[in-house]
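Worksheet: one structure, shown below.
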Amino acid sequence: MDSKKLYDDLLMILLMINLNNLFYYEKGIYIIGKDCNDWVYENPKKKKKKLLIRSSIIKKGNYNRNRRNSKVVAFIEYFQRDKRGEIFTDNVSIRIMGDVSRIFIKKKFPVCLSC
């Protein structure tokens, strides 16, 4: 099969995010980070109970911050392969989505234009 025919009308989305906003220890929204370590420090007695601490730590990561504290600025570009140049560009915000799914290695995040 000809790859030009197969991919010629493919749409491309480029999302640019400062990596510190995702993976930095103190403010990164994609990692367990500082929020978890602060919780462990503040709850030393719970540290001894392995099952409790394991489930609680997972719930205390940076990725579990509330919506206002977890928004990250990003930039989006939308291209169509057969056209020369972007169709759409704008500043957007993202945040980690979900409840239980926040603890998964691969996390979901909505892209918000007016957030």
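Of the residues that sit in region 18-48 and are modelled with pLDDT under 85 and not in a helix (DSSP H, G or I), which one is nearest to the chain's Cα centre (by Cα)?
For region 18-48, the residue satisfying everything is Asn43.
Touching a Lys or Arg at 6+ places or on another chain (Cβ under 8 Å), open to solvent by 60 Å² or more (accessible area, probe 1.4 Å) and either at pLDDT below 75 or within 30 Å of Leu6 (Cα to Cα) (or both): does that describe Arg67?
Yes, satisfied.
Looking at region 21-43 only, could you name the residues that are open to solvent by 80 Å² or more (accessible area, probe 1.4 Å) and closer than 19 Å to Arg95 by Cβ?
Passing the criteria: Phe23, Tyr24, Tyr25, Glu26, Lys27.
Restricting to region 1-17, what's the tally of residues that are open to solvent by 60 Å² or more (accessible area, probe 1.4 Å) and outside any loop (DSSP other than H, G, I, E, B)?
Residues meeting the conditions: 10.
The values are calculated or read from the model by the stated rules, or taken from the named source; none is laboratory data. Given the structure is predicted, the values throughout are model-derived calculations rather than measurements. With ideal geometry, Cβ positions are generated from the backbone for all residues, glycine too; neighbour counts draw on all protein chains shown. Surface accessibility is based on the protein's heavy atoms, side chains included, excluding ligands, DNA and RNA. Shrake-Rupley method; radii C 1.70, N 1.55, O 1.52, S 1.80 Å.
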